[in-house]
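> A single structure is presented below for examination.
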Amino acid sequence: MSATATPLPASRARLGLRAGLLVALLLLAAMPVLNQLPVTHPLHVSDFLVSITGKWICYAILALSLDLAWGYAGILSLGHGAFFALGGYAMGMHLMRLIGPRGVYGHPVLPDFMVFLGYRELPWYWLGFDNFAFAMLMVVLVPGVLALVLGWLAFRSRITGVYLSIITQAMTYALMLAFFRNDMGFGGNNGFTDFKELLGQPLNTDTARAGLFYASLIALAASFLLCSRITRSKYGRVLTAIRDGENRVRFLGYNTTHHKLFAFVLSAMLAGVAGALYVPQVGIINPGEFSPANSIEAVIWVAVGGRGTLVGAILGAFSVNGLKTWLTSAAPDLWLFVLGGLFVLVTLFLPKGLIGLLKGRGA
Amino acid sequence: MKHTLLAFLLLLAAALPARAQDAFVAALPGLAGNFNAQAEAVDRLGALADPRAIPVLRALADGRLLKLADNSLVIRDGTATTDVLTGAATEAAGTEVLRINNRVRVALRGALGRLQLVSPDPAERLAAAEAVFRSRSADNVPLLDAALARETVPRIRDRMAIALAASRLLASDPAAKLLGVEALGASSSPEARSVLLEARAANPDILPQIEAAVAAIDRRLAVRRAAETFFQGLSLGSVLLLAALGLAVTFGVMGVINMAHGEFVMLGAYTTFIVQEACRGIPWLLPWSLPLSVPAAFLVAAACGALMERGLIRHLYGRPLETLLMTFGVGMMIQQTVRLVFGAQNREVLSPPWMQGTLMLPFDIPVTQNRLWILAFSLVVLALTVAAIRFTRFGLEMRAVTQKRAIAASMGIRTGRVDALTFAFGSGIAGIAGVALSQIDNVSPNLGTGYIIDSFLVVVFGGVGSLAGTLVGAFGLGLVNKILEPWAGAVLAKVFVLIAAMIFIQRRPRGLFAQKGRAAEA
């Protein structure tokens with residue numbers, strides 16, 4: 001394992017990084033404003049670019065959360081997509097409840113798919129989701145509790161490395177199979193869609209879109225600050241030490257299980273937030289989000305950007321997804337080769353990712 | 001004259017009881033009488049269980065039964081006419097079509113239905129037995145008795161016996177009833193069970209016997225269900241074993257986590273397809289394309305494996321997480337290559353004739369032959385793998401390298417070569433698994449993805465590095481899956497198994513067959 005997490009002194013490079021981040025943040029923040037300019041204006045930003053950037057910001061939060069688990073605690077989770085999707089489903093349930101009687105079937109309480117499947121009343125686990133605060137609580141609580149249970153079981157038995165990775169992958173696979181079922185009460189393979197409003201705002205307005213965009217941006221900035229605070233604290237140093245030599249840290253008297261558990265749960269909660277912000281922006285959530293391929297794609301964002309550096313995770317999410325968006329329209333057959341090639345390239349030649357490349361230049 | 005003689009001999013050969021023959025001849029003139037006489041004659045013919053009555057009654061129903069001046073009957077078939085009794089061709093001149101009314105038609109329908117029990121066509125007899133079973137009536141008992149005495153096909157006999165027993169249950173004679181209950185109780189059909197349950201209300205006097213018969217059927221049905229589940233579990237287990245065996249070598253023995261393993265399986269399946277297409281030009285070779293595919297698939301997958309190990313994986317030894325990600329990427333590229341070359345749709349791999357069909361085991365358990373072959377095949381592959389590791393020079397070197405690389409190297413073993421060969425060996429087994437899977441699964445680019453997680457679970461379940469553990473793990477997972485399926489559904493059963501596997505790994509992180517030793521993780 002590398003030592004990239006060693007905090008640099010507040011050198012010029014670090015100041016440059018901070019300035020770069022601030023500029024990037026401001027540029028992103030300007031996007032919805034520029035979107036309001038007339039289409040002919042040279043600085044106009046298209047609707048497509050704004051909406052896709054909003055998605056990427058959510059992905060960046062997911063990458064950040066994964067980096068906290070993998071890059072700092074050494075927990076390679078191949079199931080972070082499950083936490084993302086669970087957060088998304090919690091948000092989706094809230095949005096479904098807000099549709100109210102405006103569904104196709106016009107039922108006062110039940111969402112369309114429940115009417116269609118012959119439900120008589122709302123299942124108990126849907127209760128409370130009409131309340132925004134409760135739904136937001138669930139967005140973090142459901143992934144958090146799942147991570148707590150899974151992590152507690154795994155870390156306590158000292159399951160590490162590839163075993164843990166396979167277990168997390170099996171988890172998201174099992175959840176995908178479960179959510180595909182109609183009788184689970186989560187809409188089966190169609191999932192949730194046709195959302196109408198959030199917090200009293202119709203979702204199809206520019207205001208709502210900009211609001212969600214800014215909410216995601218703020219969440220990303222807050223997650224970044226939180227993670228950088230944590231990773232630079234004493235706790236963060238212990239976490240990195242666990243990553244590099246768990247047995248040694250344990251013999252030094254630290255409870256590595258608790259340390260890892262905290263990081264894993266926090267990471268799952270952040271992933272849940274990312275999913276919750278993602279769903280109203282794309283307007284749909286279905287069990288496909290649980291697919292193991294999604295989780296592993298998130299891993300490659302972090303690996304490409306440079307794991308063990310928070311900026312790297314964000315950079316990776318934006319660059320890989322940018323590449324994906326461009327390639328899937330330019331040469332759709334090529335994308336999977338490029339993605340597969342990225343896995344090979346990064347692991348063999350670029351273990352520190354893009355950030356490592358940039359730093360290598362700077363030094 | 002010659003024809004007459006022939007027909008006569010045929011009649012003798014049919015070896016009918018003389019009484020029935022007489023009755024058939026005796027009933028015929030009635031058909032030429034008035035409507036009342038016709039209906040009566042039809043009923044009599046219907047009760048005779050004599051196959052000769054079938055064409056006569058059919059002809060009457062279709063208006064093709066003609067009457068000559070002397071009241072003897074002939075059947076018109078197209079332009080030809082034949083005598084009913086002798087079967088000889090006759091002149092059509094001077095005939096009169098026999099007409100029927102509705103009453104006769106109703107009688108005809110019933111008689112023909114019953115007569116089908118003795119039809120020369122087995123399918124018709126089976127259908128008639130079903131029909132008689134459904135429209136149960138005590139009147140059918142003599143008819144069924146007669147039909148049963150003539151029947152030779154075991155499957156139809158069974159159906160007739162059940163129909164007979166069910167009809168006996170409706171007789172007024174208590175002894176016959178008991179006979180029926182007993183016969184039904186000796187079967188293992190769910191229908192016999194429902195007949196018995198229905199009969200409970202009408203027959204309070206023989207209730208204990210009925211209950212006992214139902215219980216006997218239930219026992220037999222339970223045994224059959226259990227045996228069916230068991231076989232399905234074994235079948236799934238054999239598939240898992242094949243898919244996991246290669247992984248047990250690459251992951252279990254070498255410790256290399258290969259996420260592209262499923263893609264090697266898929267490559268094996270496509271090799272089978274290619275070999276089959278190549279064999280199409282040579283007809284006598286086509287049934288043997290599948291056995292030919294086994295070495296071909298092994299070589300293709302092994303070559304890919306060796307290439308991957310030498311080119312990529314060897315640079316990442318000691319970094320399992322990176323290996324995992326890298327191999328996943330390679331798998332992605334292999335999958336996309338196959339998708340571009342062969343298309344995303346399923347390719348059809350035929351089963352050779354000697355693998356098709358269904359086998360009936362005792363208790364009426366249907367077993368598809370190809371699943372049976374795969375079960376045997378998986379065990380053979382396992383035995384060969386064990387033998388290769390235990391008894392060959394290569395196996396010895398492989399074990400030496402995995403146990404202590406430095407010592408093995410100092411003894412002159414070329415460890416790099418052994419690594420490549422071991423990985424190629426494991427990948428080759430994956431290719432062989434692909435040959436088997438091509439028989440029961442769709443040959444498509446994402447064939448392998450469905451098996452990869454299960455395979456890892458099998459290896460982890462069984463204990464890393466233990467082939468015996470892989471065997472137990474595969475069949476254990478297969479059986480658990482199939483036992484859970486009936487009451488949890490296929491998908492939930494899978495979820496349960498995954499959860500159970502997670503909990504199991506908590507309890508025994510080193511699997512069922514943990515290797516003893518003092519190796520500690522770094």
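> Give me B:Arg125, B:Arg150 sorted ascending by neighbouring Cβ count inside 10 Å, so fewest comes first.
Arranged by neighbour count, lowest to highest, B:Arg125, B:Arg150 become B:Arg150, B:Arg125.
> If you don't mind, another one. Rounded to the nearest 20 Debye, what is the dipole magnitude of chain B about its Cα centre when Lys and Arg each give +1 and Asp and Glu each give -1 at the C-beta?
I would put it at about 1780 debye.
> Place a +1 charge on the Cβ of each Lys and Arg in the protein assembly as shown and a -1 charge on the Cβ of each Asp and Glu, then give the dipole magnitude about the Cα centre in debye, rounded to the nearest 20.
3540 debye
> Hey, another quick one. Among the trypsin sites (Lys or Arg not before Pro) in the stretch B:207-289, which ones are in a DSSP loop with at most 13 other Cβ atoms within 10 Å of the Cβ? Mind listing them?
Qualifying residues, ordered by number: B:Arg280.
> Output the direction-averaged projected area (hull surface divided by four) of the convex hull of the alpha-carbon atoms of the stretch B:241-385, in nm².
10.8 nm²
> Still on this model: Sorted from fewest to most neighbouring beta carbons within 10 Å, what does the list A:His41, A:His107 look like?
A:His41, A:His107
> Another one. At 222 nm, what value in deg cm²/dmol follows for chain B if DSSP H runs of at least 4 each add -39500 (n - 2.57) and the sum is divided by all its residues, to the nearest 500?
Theoretical 222 nm ellipticity from helices: -22500 deg cm²/dmol.
> Fewest first, what order do A:His259, A:His44 take by the number of other Cβ atoms within 10 Å?
A:His44, A:His259
> Further, regarding this structure: Straight distance only, please: which aspartates and glutamates reach the Cα of B:Lys482 with their own Cα at less than 12 Å, same-chain residues fewer than 8 apart left out?
B:Lys482 reaches B:Glu228.
> Can you list the lysines whose alpha carbon sits under 26 Å from that of A:Lys196, skipping same-chain ones fewer than 8 residues off?
A:Lys196 reaches A:Lys55.
> For chain B, find the longest principal axis of its Cα atoms and tell me its angle to the long axis of helix B:207-247, 0 to 90°, nearest 10.
For helix B:207-247, the angle is close to 30 degrees.
> Would you work out if the protein assembly as shown is rounded, prolate or oblate? Take a ≥ b ≥ c from the square roots of the eigenvalues of the alpha-carbon gyration tensor; rounded if a/c is under 1.5, else prolate when a/b is larger than b/c, oblate otherwise.
prolate
> Report, in degrees rounded to the nearest 10, the 0 to 90 angle that the Cα long axis of helix B:2-13 makes with the longest principal axis of chain B.
70 degrees
> Let me ask something else. Dipole of the stretch B:116-213, Cα-centred, from +1 at each Lys and Arg C-beta and -1 at each Asp and Glu C-beta, to the nearest 20 debye?
Charge dipole, the stretch B:116-213, about its Cα centre: 120 debye, nearest 20.
> Using alpha carbons only, what's the Rg to Rh ratio of chain B with Rh from Kirkwood?
Value, to two decimals: 1.20.
> Something else: Once you have a ≥ b ≥ c as the square roots of the Cα gyration tensor eigenvalues for the stretch B:94-245, tell me rounded if a/c is under 1.5, and otherwise prolate or oblate according to whether a/b is larger than b/c.
Cα axes put the stretch B:94-245 in the oblate bin.
> Using only Cα atoms, tell me the angle between helix B:53-62 and the longest principal axis of chain B; keep it within 0 to 90° and round to the nearest 10.
80 degrees
> Give the shape of chain A as rounded, prolate or oblate, defined through the alpha-carbon gyration tensor: a ≥ b ≥ c are the square roots of its eigenvalues, a/c under 1.5 means rounded, and otherwise the shape is prolate if a/b is larger than b/c and oblate if not.
Note, shape of chain A comes out oblate.
> Non-local amide H neighbours of B:Thr81 (under 5 Å, H modeled in plane, Pro and chain starts lacking H): which ones?
Close amide H contacts, sequence-distant or interchain: B:Thr90.
> Sticking with this structure for a sec: What does the charge count around A:Lys352 come to, taking other residues whose C-beta lies under 11 Å from its C-beta (Lys +1, Arg +1, Asp -1, Glu -1)?
Here the count lands on +2.
A short reminder: the numbers here are calculations on the coordinates, not readings from a lab. Model, not experiment: these values are computed from the prediction. All Cβ positions, glycine included, derive from the backbone under ideal geometry; neighbour counts span all protein chains shown.
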